[in-house]
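Structure, as structure tokens:
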Amino acid sequence: MTSKNKGKLIVNIVLGLICFIWFIPSLGLLISSFKSADDITNVPWWNSLPHKAYVTNEVIQLPEDLSLKEDIVIDGRVYQDAQLRNGVKIEGDRLLTWENRNKRQVGIQEKEWSIHKNYTLDNYEQVIAGRSVTITDGEGNERKVQGSGLGKAFVNSLAVTVPGTIIPLVLATFTAYGLAWTKFKGKKIVFSIIVILLVFPTQVAMVPVYRDFVSLGIAGTYLSVWLAHAAFGLPLLTFFMYNHVRQLPKSIFESAFLDGATHFMIFMRLVVPLSIPAALSIGIFQFNWVWNDYLINLIFLGGMGDNEVLPMRLATMIGARGENWHLLTSGSIISMLLPLTIFFLMQKYFVKGMLGGSVKG
Amino acid sequence: MKSASGTDKKLIGLFPDKGVLRWLVAVISSILILALNFFVHVSILKFIVSGSLQPLLLAIVAIIWGVVGVYSLHHSLNFCVSLYPYEWSQRLQHLIFIGPAITLLIWLLLLPALRTFRLSFLDKLGETFVGLENYKYVFTERTMVLALQNTVIWVIVGTLSCVSLGLLIAILADRSSYEKIAKIFIFMPIAVSFVAASVIWKFIYAYSPTSDTQIGLLNAINTAMGGEPKAWLTMMQPWNNYFLMAILVWMMTGFAMVMFSAAIKNVPDESIEAARVDGASEIKIFFAIIIPYIKKTILAVTTSITIFSMRVFDAVWVMTGGQYGTDVIATKFYKEYFTFNNSGTGSAIAMLLLVAIIPVIIMNINQGKEEEY
Amino acid sequence: MKKMSSLFVTIILLMVTVLSGCAGDKISEVAPPTDEQVVEGNGEVTSEGTHLERAYAGEFSGQTVTIMGAFGDNLQLLFEDTLREFNEKTQMNVVYEQSEDVPTTFGIRFDGGNAPDIVSFPQPGALREQVGRGRIANIEEVFSRDYLEQQYGSSWLDMTMMEGPNGVINAGIWQNVNAKSFVWYPVAEFEENGYEIPTTWDELIALSDQMVEDGYYPWTLGLESGAATGWPATDWIEDFMLRVVSLEDYDRWVSGDLEFASPEVKKAFDYMEKIWFNEDYVYGGRVGIVNTNFGDAPKLMFTEPAKALMIKQGSFIQDFFPDEVEPGDYDFFITPSIDEAYGQPLLVGGDTMSLVEGQDRPEVRAVLEFLTTGESLRILIENGAAISPHQDSDLTWYNSDMNRKIAEAILTADAVRFDGSDLMPAEVGTGSFWTGMVDWVAGATNTDEALKEIQSGFNK
């Protein structure tokens, strides 16, 4: 019993370590999202945790006309310019380094406990409410123009993502059953094509597909973007649902057939309920891809303000040359919230009986 | 649903299984039902397209339509099929299931793929036939060859790391006391968009000259231990490729973990308990019981991650743009096809991906063979 | 069995075709009737005045015109505000669509038959590619050359002459422009140390040496730019090319006639090397250059104390200065001349506005005409977000001396030339040129190897 507890303790510690490593990058993002643009690039994010840092507590003024190319004598010791640039350790765990090279000031630094204290909600405010610009006209009158905020883009993203996930998932489940449990010739070919299409760069498909959508008159509508996401996500969803459905125990099908059930009845009554957990687990990935997609949404939905989705909104905010990339920190955190919440809520469905044959050995 | 199927049977019973009358009824009803379906769905589509609804309402309509519509479509098609003589209805059965998805796939992916195949033999503008010129370029040009090599490394190292780490974490989580929380941590990177990932990893790999504060975590650790700051992503060739791979592993391990975790939960407790009673070590249980039990899931996950690695684009694109010897097939494809507007070479690269996947398909089909019933 | 599958597919495809038929009708209904009056003519004057005057008279009320461009954030807000005003006056519906990647989005939209009416390219190279594919209409069929010359300096007009499938056309009009041959510096440090603005190469080197002696790093450089890593270095080469060869040779170089491996081009590399590869000159040295984001580089000039004192960058770099730094805290000078014979030409760039092929409608012409006037940039100028190339915009509109100074520098330059890498074929301009510079600066190749590598892009 004690060895079992010990084992569990080890498991908990190792897993905790892995989780910690996995979380470090995201933690950096989270902390940075509360810092000002300048602090993000100048102050390491882990300075927000208590740490020991060198703090200058004494400044030595050298002669202002001192040449940097020659030996620099401080307290009777000889240093080179290059050494002082990188800092030299001296007795008492202190660091000797240039404070102001131009003014020939050398600082003596000591390690002290410190913590970064400047935080701001500005990044979040700007992302949520939208950037605002105060416009001054020729006569000096001022007026404020508010850029669009995140709210509308969030709603649009939902409108794209939810059907963009559910429609292909339903189709994939049907197809998976058809491939796994009905007999027909050319099954292998169909399966091969699905796997081949898995690796096909969808960007290539965009040109002809967009042309078809335009001639159908559906370009720029939600329908077009649902169809595109459905088709581009179908190979992977089908592949996974097929792997799940074919592993369902043969025995339940056999007894159902004996009772005179048709394929359709078996599908609706047995396969669908048994597949819901599997569908949810692969569905969450499709949800994320659609949620974070930029190019497909931009091309099929168009870049007009009304149809803007989250990744488009964020891209616009960052600016053409990326000058506002600090807004990306808060924007990313906000756009992560929904997928994470869904994952958290759905976890309880990821329990026994979801993937793989539970009876068949 | 029970009554519906009951009606199906009664109707079928009215007619002999073979004969002209049965065929006539079947064909006419099929046409009528197809026409009705067509009319209903086109009307709904037109309504959706007309844009008279708020996006969110529209999405709700779409979901209802997606689920109920697909169900009713399948149900009515199923009814049609059941009207045909038994032999034929059996033949048509599978179409009900795979028809709609296959139609969508053919239209939106397969036809474009065939077009790409054609373009790969044409010149830059897609006008003149150039034979195998584009393929020759793909296999001989220096930077292309480098990209091919890099992709092979990505597929091997990236896939192995994701799958083994995903499996390890799934097993550990299953036995830990805080499974749900742990899984959220590992899953989290999946919710990150690639643009955000570029910022996140900047905080890991950033380089500053020795005299400056390091804002990259790796260099901060490195200098704290007395090392010189290193330019991880740029001048450390070819190791920079592996640092880029870490990004993919970070993002995709969650995928493997979720899939494995689900599969592991299906391993019957009895067999594990029995093995434990027999005194088998945990490692032995893992290899002798768990692995064989979830091998199909392992294959499926390995296949998917192999494909993600072959297609890897953003992780490289946002970090280095393929400079410093980090180009992979997908970044080369994007440069040729979109940046340089060369549909010929771009298509040839795309075709290369399709060919490279064939071994994976064979593995999957062989796996399927074992259990053909 | 196979037959049945194909039958099913046929039926579905048939359904799609019918559906497309229905929708097709709808589209042609929506398409606006063509205005016969304007089918030909130079579009300048009709019986009722110019298109713009007709628009202001309300003739095009209710018509929609779409403009696609890459600029976002505050530029987008200000431009949309301009359009709002225009729409109010004309009752038209002019909309701006933003896309991060205009060439790709525009290409797909055009091929799909759903192109915007006017497209704005941030780089002339991308525009040239589209012109080559016949996707852009000749602007001189909309406006007479005389009218255009009245609105723009002729060197600007020359820069949009591009080779299309049916000969050379004028591919667009200039909107927001910028210049790249500027060296930016913090004023306080310059004044404190009594530094003088250099106008020749020797003065620049003398100044740099003086700075080193004073304990500063003269230069801060950054090469990293995500997927576009490498471009800041190409700007340096172009600027130096303008200073070591004649304008004619520069043009020959851009078009690929003057090879990279030639002694003229190598000379530009040699001059660049004297600054870039001098570890005393550049903060962080070569490793630092390679690993610094171009947008982070200028921040080193505003630390306390300043770590470096000069950066050579386009006027847009001001967006990357720290928030608390104001114009006046910093200033700029034009990259000094190297060979007196060639002076100090300016490397320029900017957004063009092009008429998309097949979208030549009267209401689109009205919007284009509006865009040829300084008025269309006025709100942006007044808020410090644009530099206007229009002859009829007023220097008093600029809200800061800095922008006025930039505008003046552009208007009075010895000569102006485009960013050469933008005009080279994409295989070079965004391919081998970037990679070649990156490998060269990182030390993976020597100058001769780098030149050879870059040149190889032309031979693809």
Residues whose placed amide H lies under 5 Å from that of C:Ala415, excluding near-sequence neighbours: C:Leu346
Just the ratio, please: alpha-carbon radius of gyration of chain C over 2.2 N^0.38 Å, N its number of residues. 1.10
Work out the mean other chain Cβ neighbour count within 10 Å for the residues of C:424-432 and drop it here as an integer. 3
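Sorting A:Met336, C:Met437, B:Met259 on the 10 Å Cβ count, fewest up front, what's the list?
On the way: A:Met336 23, C:Met437 28, B:Met259 31.
The fewest-first ordering by Cβ neighbours comes to A:Met336, C:Met437, B:Met259.
What does the charge dipole of the stretch A:53-114 about its Cα centre add up to, to the nearest 20 debye, if the Cβ of each Lys and Arg holds +1 and the Cβ of each Asp and Glu holds -1?
200 debye
If you average the sequence gap of Cα pairs under 8 Å that are 6 or more apart and divide by the length of the stretch A:53-114, what percent do you get for the contact order? Each step should come with its number before you reach the end.
On the way: 101 pairs, mean separation 27.5, N = 62.
So the answer I get is 44 percent.
Counting partner chain Cβ atoms within 10 Å of every residue's Cβ in B:331-343, what's the average?
On the way: counts 1, 0, 3, 4, 5, 4, 5, 8, 11, 10, 11, 3, 2.
Mean inter-chain Cβ contacts per residue within 10 Å come to 5.
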What ³J(HN,Hα) values, in whole Hz, does the Karplus curve 6.51 cos²θ - 1.76 cosθ + 1.60 give for the stretch B:123-136 when θ = phi - 60°, with x put for Gly and Pro? 7, 3, 8, x, 10, 9, 6, 10, x, 9, 3, 4, 5, 4
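Relative contact order (percent) for chain A, with alpha-carbon contacts under 8 angstrom and 6 or more residues of separation? Walk me through the intermediate numbers first.
On the way: 415 pairs, mean separation 69.0, N = 361.
RCO, chain A: 19 percent.
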Per residue of chain C, what 222 nm ellipticity follows from adding -39500 (n - 2.57) for every DSSP H run with n ≥ 4, rounded to the nearest 500? -13000 deg cm²/dmol
Which aspartates and glutamates, on any chain, are close to A:Lys4 with Cα under 20 Å apart, when same-chain ones fewer than 8 places away are left out? B:Asp174, B:Glu179, B:Asp269, B:Glu270, B:Glu273, B:Asp278, B:Glu282
Equivalent-ellipsoid semi-axes of the stretch A:1-131, from the Cα gyration tensor, Å, largest first: 42, 26, 11
Averaged over residues of A:239-247, the number of beta carbons from other chains lying within 10 Å of each residue's Cβ is 5
What residues have an amide H closer than 5 Å to that of C:Glu224, excluding those fewer than 5 places away on the same chain, when H is modeled at 1.01 Å from N in the peptide plane? C:Thr292, C:Asn293, C:Phe294
Packing rank of B:150-159, C:215-224, B:299-308, where each peptide gets the mean count of other beta carbons within 10 Å, highest leading: C:215-224, B:299-308, B:150-159
Sorting check: for B:238-251, B:209-222, which peptide has the highest mean count of neighbouring beta carbons within 10 Å, and how do the rest follow? B:238-251, B:209-222
Among the DSSP H helices of chain A, those whose Cα atoms extend at least 15 Å along the helix axis and whose mean Kyte-Doolittle hydropathy is 1.6 or higher are A:187-199, A:326-346
Counting other beta carbons within 10 Å of each Cβ, put A:Ser251, C:Ser255 in order, fewest first. A:Ser251, C:Ser255
For the protein assembly as shown, with +1 on Lys and Arg beta carbons and -1 on Asp and Glu, the positive-most of B:Ile48, B:Ala300, A:Tyr210 along the dipole: B:Ala300
Using a cut-off of 11 Å between beta-carbons, work out the net charge of the residues near C:Ser262 (Lys and Arg +1, Asp and Glu -1, C:Ser262 not included). -1
Considering only DSSP beta bridges whose two residues both sit in the protein assembly as shown, what percent are antiparallel, to the nearest 5? 75 percent
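So what is the relative contact order for the stretch C:358-445, in percent, with contacts set as C-alpha pairs under 8 Å and at least six apart?
It comes to 15 percent, rounded to a whole number.
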Quick one: which residues, 5+ away or cross-chain, put their amide H under 5 Å from the amide H of A:Ile60? H built at 1.01 Å from N. A:Val106, A:Gly107, A:Ile108
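Find the all-direction average of the projected area of the Cα convex hull for the stretch B:133-369, expressing the result in square nanometres with one decimal place.
Working: hull surface 66.8 nm².
The number I arrive at for the stretch B:133-369 is 16.7 nm².
Summarise the long-distance tail of P(r) for chain A by giving the % of C-alpha pairs beyond 27 Å. Don't skip to the end; give the middle numbers.
Numbers: 44004 of 64980 pairs.
Distances greater than 27 Å cover 68 percent of the Cα pairs.
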At R0 = 41 Å, how high is the FRET efficiency between C:Gln210 and C:Ser262 if r is their beta carbon distance? Nearest 0.05 is fine. 0.75
At q = 0.04, 0.05 Å⁻¹, what log₁₀ I(q)/I(0) does the protein assembly as shown have when each alpha carbon counts as one equal point scatterer in the Debye sum? -0.25, -0.39
C:Met211, B:Met236 arranged by Cβ crowding within 10 Å, fewest neighbours leading: B:Met236, C:Met211
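For a quick protection proxy, order the peptides B:114-126, A:223-235 by their average other-Cβ count within 10 Å, most packed first. Kindly include the intermediate steps, with their values, before the conclusion.
Details: B:114-126: 17.1, A:223-235: 25.7.
Ranked from most to least packed, the peptides come out as A:223-235, B:114-126.
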Normalise the Cα radius of gyration of the stretch A:53-114 by 2.2 N^0.38 Å (N = residues in it) and let me know the number. 1.07
Report the charge-dipole magnitude of the protein assembly as shown in Debye, nearest 20, computed about the Cα centre from +1 at each Lys and Arg Cβ and -1 at each Asp and Glu Cβ. 9180 debye
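Throughout, read-outs are computed from the coordinates displayed, never taken from laboratory work. Since the structure is predicted, the reported quantities are computational estimates derived from the model, not experimental observations. Backbone-built Cβ (ideal geometry, glycine too); neighbour counts: all protein chains shown.
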